[in-house]
Structures are given as C-alpha cells and as structure tokens.
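The values are calculated or read from the model by the stated rules, or taken from the named source; none is laboratory data. Model, not experiment: these values are computed from the prediction. Here the Cβ positions follow ideal geometry from the backbone for every residue, glycine too, while neighbour counts run over all protein chains shown. When the accessible area is computed, the model is the full protein with side chains, heavy atoms only, and any ligands, DNA or RNA have been set aside. Shrake-Rupley method; radii C 1.70, N 1.55, O 1.52, S 1.80 Å.
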Amino acid sequence: MSDLREALMGEGTHWTESKSGEVLREFQRQATETDLGRPRSMSKPEVPELEYPDLTPSTIAQPGGFRRQYLSTNDSLDPSQQHASLMDMLLTGPSIVRRFGGGLPRDDSDSEEDEEDDVSESGRVRLVEEGGMMARREDERLVGTGAVHPPGYTIVPEDVKTGRRRRTASHKRVSRLRKGGSSVLKLVVTILKSFVGSAVIYLPAGFKSGGILFSPIILALTCAISIHCMILLVRCKQTAPGSYGAIGRAAAGLGGRIVVDISLVMSQVGFCCAYVVFIAKNAEKLLNEFFGTPASNELMLLYCVLAQLPLYVPLSWVRKIRQFATTNLIADAFILLGLLSILTFCVVHVSDSGLPHSIELFNRHEFSVFMGTAVYSFEGIALVLPIHESTRGRVRENFSRYLATTLAGVCGFFIVFSCFGYAAFGEQTESVITLNLPHNSKNQWWVACLQIGYSLALVLTFPLMLFPATRLMEAKLFGRWPKSPKRKWSKNGFRALLCAICCAISYAFANQLDKLVALIGSICCVPLAFIYPSWFHYKLVAVTPAERALDAVYFAIGIGLFIFTTYLTLSS
C-alpha cells in the first residue's frame, strides 16, 4: 500500500480531499492508517462532518451536485472572514461587466488577451468547469513529475522543512476571491454602482417633460415594476441557470436568445451614444465660457464629438477588462462628487431664490418623453444576473429583499435630485443639468472642474459600457475565424467602426438628447426590464393561474409602454 501511495503522490506532495469530492475517501483512510513515517495530522486534515443532511449522496450525484455541496459547506465560514475590503467592493465593476449576463463569449484571439488569465504566475490555479464541477489544478512543476490528478482532489505542495502544506500566493488569492462577494455591504455597493451613473443627470429635464407632480409618481411606479421583473428574472435563473440570453433560449428557443442579445447590444450602444452627447455638450459649454467660441454652433459641436473618437478607439481595444478596475474607481468617485455637488447647489439656489413661476405639475404635451426616460434611469437591469451570481449563502437567499430595498433608496434619491434640479431652473432646465450651472466669477472654476470631472468619468466608463456589445457581436462575426493576427486586427477594426457609429448617432441627436434618452428607454430598456422577464417567467416558472395572470399583466404593460412611448417620442 505504501508503494502504491508513493507512486500516486510523488515526492514532496500529499493528497488533500476537496470538499466537493468523496470518491477516494476509503482509499485515503486505508493509506493513512499504514506506517508512512509521519503522523496522520500531517498527511490528511480532518474532514468536518456535513452540517447539511439534505445533501445526500444521491443528490450530490446529480449534475452540479459537487459544486452545490461545496457552496453549502462553505456557508458556515466565519462571517468575519466573508467581508471583503472596501477596496474590493469598489473594484467589482469590471468583474461584473465581464460576467455581463453570465454568458459573454470568451475572447481567445490571443493568449495574452484573455481576460480570464491565471490568478498568478507561480502556483497558478485554474478554475476549470468539468461536468458541472469546479476542479482546481496546480501546475505540475509545483508537485513534481509523474503525479496523478484524480477528479475531486487538490494536490497541495508540502513544505520540506515543516512537513506542512505551504500556502502560496495563489492559494491566498483564491481564498480571498472565495471569501469576497458574500457581505451585504458589498452587494449594496455593487447595486449602487450598477444603477447610479449618467442617467440621473438627465432626470431633471425629464421632470420638466412630465411635470413635478406627475414625474415622481411615474418614476416610483417604474421602480416598483422594474424590481418585480428583476426578481422574476432571478427566479428564472434558478430554473434555467445561465445568462440572460441563455434564459431566453430556454424559454423561447433560439428566437428568445436572439431578441435578448439584440436588446442588450442596442441598449449598451445607446448608453454610449448618450455619453458622447453629454461630453460634447459640456465641452462646447466650457469652450464658450473660457475661449469665447460661438454657443450652440453646429460645427463646434461636431468637433467636440469627433475629438472623443481618438480616446474611445484605443480604449475599446483593451481585452483585459480588469485593467479598468482603477479607472472605474476614479469614475465612480467623480460621479459621486458630481451628484452631491449639483444637488447641494440646487438646494441652495432654491432656498435663496425660491421656486420659479414656470414649474408645471403635469406637462400634457411631452409627458410621454419622460416615461421612456424613467425606464432608462434604471439602466442596470442587465447586470442583475451577474450581481446575483456573485453572491452566495444567506446573502443569495435574501437577494430579492436587499435588491428591492437598495433600489427603493436609489429611486428616492433620483426623485429628490430631479425635483430640486427642476425646481431650481424651471423651464430653463437643460437636457443635461450640468449645463445650467452658472459660470460667474464666484464659482466659475468650481463649475468647470465639476463638468470636466463628470465628463472624464463617462470617458472612463465608455469602454465598460461598450464591452458587452462588442463581445456579443464579435462572437457572431469572428467566432469561426482561426486565431491569427488577421483576426485580432479585424476585431480592432470592428471596434473602431463601432465607436465611429456611436459618434455619428450622437451627433445626429446632439440637440435632442432628451428625445434620444427617451427613445433608448422605450426601444431597448422596456423590453429588457418589463417584457422579457414576465415572458420568460410565464414560460419557465409560473404554475398557478394567479402567477400566469400576473405575468400576462406585466407583459401587456410592457408591450403597451413600448408602443406608446416609442410612437410618441418619434413623432415629437
């Protein structure tokens, strides 16, 4: 038995049973009881008894059973160990975007471009999905030659001096990755980062279109329906695991996958176009104030749009999305400071000058424009599934409650911000609230820094927004091309073309940004937020007549809102 064990293990290593495997438990017990020359505590750690009696061998034998057992047995970790650091929470943006809907195609055009690189160069650990079970593999140069890799086990290098397992940098990194993502605070921060961005800047103009009484009611109703549909989408994921598109395929076949992918691509491209217009309008305003260039000049606006293209093209060529972690953190800081500064200015302005006489309670001429803007404001609907996937344990069990509570707070902030923004400027409210900030001698530099900072935040966010769209389209266009420099530069050319298209659309709608935002909300966001979740829930989950009736009601609301707002926005 000793000879057999030495042949299997190789010198300097020993077997440690994974929490997800029990295949060779009896063999390891017998091998340990033989005279191996070292205490049992050094050859095999004690395996704790399962605290989950529902995980029987028959349930573990089902597809994905080993992974479920691993997640269940790790729920009992010390809660203090499950809290990620504040920096980890703030840097979750790129990882969530990378798993956008949980099913973005992988870019393997070059080995150095793969965004899912190994964790570290020495002692790297690959997470390999094999038959629904996650297996960890160490490089053979760490464990010696001739070692055998049976499924469900981890080969851990042994320290020659102490005889104990050596924790390499890769082990610590994986441990840190596993422990992160479970705290409620991290979940709340991730939701806030996904739903609070540029959309809130357009809401004061939206309140001007709808009225200061009508708009908060519609925004609150939109938030409530969106939260319900997000919860429906999460329930669908429990029945048909996978991305948004995978759920669509499970519910409605290939057609369901196609319509979801089209809506996702259009929404992401639409968000990028709104970013370009926002930056161009603010740049035009700054040039007018500091250099005396003509205001509202079409040629100057065109220059401001085209000047952004050299920035976006190289940023869109980046394959390793995690490289945007630091820039994403900077963008979040600029957005937070910008929103708080604008809200403070509007509150002070209203308290000093009072309410203007041009405020309307209900604008019967343009209220339909605000309805599309209201749906646009909850732009993080497509990130709900990857956010849910990043949680586990009790946080995942209560995910719906945390999501609803956080988004209710976000909606409250949107209403307060928009009401004060519209109340401060009345009918003079611009499509972008930053354009209303006065450039007088008292606060000229403060306003300029605010506009530059917020514009810089959107420049840094642009590649993250465009990333899912490029991946989905490249999978269709270049998926069957062999790996080569031609394929790589063809992708680069396509991404440059996509950036140019975004700039062209932005220039066409530059003077009607409020209409562009409403149109994106009507055509792209309404299906993703209302129509598809209720449709898929009806097909996959709903069983009782009440559930089916409720899904039908939300589906009808989505279809009606899609037709009504799209027609009126285009006609206006």
How about region 299-328: which of its residues are open to solvent by 40 Å² or more (accessible area, probe 1.4 Å), over 12 Å from Thr461 (Cα atoms) and under 20 Å from the mean Cα position of the chain (by Cα)? Trp317, Lys320, Arg322, Gln323
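Just to be sure, is Leu477 in contact with a Lys or Arg (Cβ under 9 Å, 6 or more places away or on another chain) and without any contact (Cβ under 8 Å) to a residue 40 or more places away in the chain?
Numbers: in contact with a Lys or Arg (Cβ under 9 Å, 6 or more places away or on another chain): yes; without any contact (Cβ under 8 Å) to a residue 40 or more places away in the chain: yes.
Yes; evaluated as a whole, the condition is true for this residue.
Each row is one residue, and each column tells you yes or no for (1) in a helix (DSSP H, G or I); (2) closer than 30 Å to Lys476 by Cα; (3) in contact with a Ser or Thr (Cβ under 6 Å, 6 or more places away or on another chain).
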position	(1), (2), (3)
Lys208	yes, no, yes
His228	yes, no, no
Lys237	yes, yes, no
Ile247	yes, yes, no
Ala252	yes, yes, no
Val276	yes, yes, yes
Ile279	yes, no, yes
Ala283	yes, no, no
Leu286	yes, no, no
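Does at least one position in region 353-365 carry a residue that is assigned to a helix (DSSP H, G or I) and of a type in the set (A, V, I, L, M)?
In the first step, residues of region 353-365 are kept if they are assigned to a helix (DSSP H, G or I); the result is 353.
From what's left, of a type in the set (A, V, I, L, M): none.
The answer is no, given that none of the residues of region 353-365 is assigned to a helix (DSSP H, G or I) and of a type in the set (A, V, I, L, M).
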When region 420-429 is examined, which residues are found to be open to solvent by less than 30 Å² (accessible area, probe 1.4 Å) and not aromatic (Phe, Trp, Tyr)? Gly421, Ala423, Ala424, Gly426, Thr429
Hits in region 337-364 - residues which are free of Cβ contacts under 8 Å to residues at least 12 places away in the same chain and closer than 29 Å to Ile227 by Cα: Leu340, Thr344, Arg364
Check every one of the helices (runs of 4 or more DSSP H) wholly within region 430-527 and list those with 3 or more residues that are open to solvent by less than 20 Å² (accessible area, probe 1.4 Å) and aromatic (Phe, Trp, Tyr). 444-478
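Aliphatic (A, V, I, L, M), over 24 Å from the mean Cα position of the chain (by Cα), buried (at least 16 other Cβ atoms within 10 Å of the Cβ) and farther than 29 Å from Phe564 by Cβ: is that true of Leu355 in this structure? Full working, then the answer.
Details: aliphatic (A, V, I, L, M): yes; over 24 Å from the mean Cα position of the chain (by Cα): yes; buried (at least 16 other Cβ atoms within 10 Å of the Cβ): no; farther than 29 Å from Phe564 by Cβ: yes.
No; evaluated as a whole, the condition is false for this residue.
Residue-wise test of (1) open to solvent by less than 30 Å² (accessible area, probe 1.4 Å); (2) out of contact with any Gly (no Cβ under 8 Å at 6 or more places or on another chain).
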| residue | (1), (2) |
| --- | --- |
| Lys193 | no, no |
| Val196 | no, yes |
| Thr222 | yes, yes |
| Ser243 | yes, no |
| Ala250 | no, no |
Here is a check on your reading of the model: is Thr470 touching a helix residue (DSSP H, G or I) at 6+ places or on another chain (Cβ under 9 Å), over 20 Å from Gln268 (Cβ atoms) and at pLDDT 90 or above? no
Scanning region 386-410 residue by residue, those within 17 Å of Leu233 (Cα to Cα), among the basic types (Lys, Arg) and over 17 Å from the mean Cα position of the chain (by Cα) turn out to be Arg401
Only one of Leu343, Leu385, Leu339, Leu407 is open to solvent by 30 Å² or more (accessible area, probe 1.4 Å) and either of a type outside the set (A, V, I, L, M, F, W, C) or on the phi < 0 side of the Ramachandran plot (or both), namely Leu343
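Scan region 434-463 residue by residue and report those that are of a type in the set (Phe, Trp, Tyr) and either closer than 14 Å to Leu339 by Cα or under 30 Å from the mean Cα position of the chain (by Cα) (or both). It would help to see each step written out before you state the result.
Going through region 434-463, the residues of a type in the set (Phe, Trp, Tyr) turn out to be 445-446, 454, 462.
Within region 434-463, Trp446, Tyr454, Phe462 qualify.
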Checking Leu311 against (1) touching a residue at least 60 places away in the same chain (Cβ under 8 Å); (2) part of a helix (DSSP H, G or I); (3) over 21 Å from Phe509 (Cβ atoms), the condition it does not meet: (3)
Of (1) of a type in the set (Ser, Thr, Tyr); (2) open to solvent by less than 30 Å² (accessible area, probe 1.4 Å); (3) at pLDDT 90 or above, Ser400 fails just (2)
Taking interchain pairs and intrachain pairs at least six residues apart, which have beta carbon atoms under 6 angstrom, with the first residue in region 418-441 and more than 20 Å from Val196 (Cα to Cα) and the second among the basic types (Lys, Arg)? Thr429/Lys208
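Taking region 274-295 as the search range and keeping residues that are touching a residue at least 40 places away in the same chain (Cβ under 8 Å) and open to solvent by 50 Å² or more (accessible area, probe 1.4 Å), which one is nearest to Asn440 (Cα to Cα)? Reasoning before the result, please.
Initially, region 274-295 is screened for residues touching a residue at least 40 places away in the same chain (Cβ under 8 Å), giving 274-283, 285-286, 289-290.
Imposing the further condition that a residue be open to solvent by 50 Å² or more (accessible area, probe 1.4 Å) reduces the set to 285, 289-290.
Values: Lys285: 13, Glu289: 9, Phe290: 11 Å.
Filtering first and then ranking leaves Glu289.
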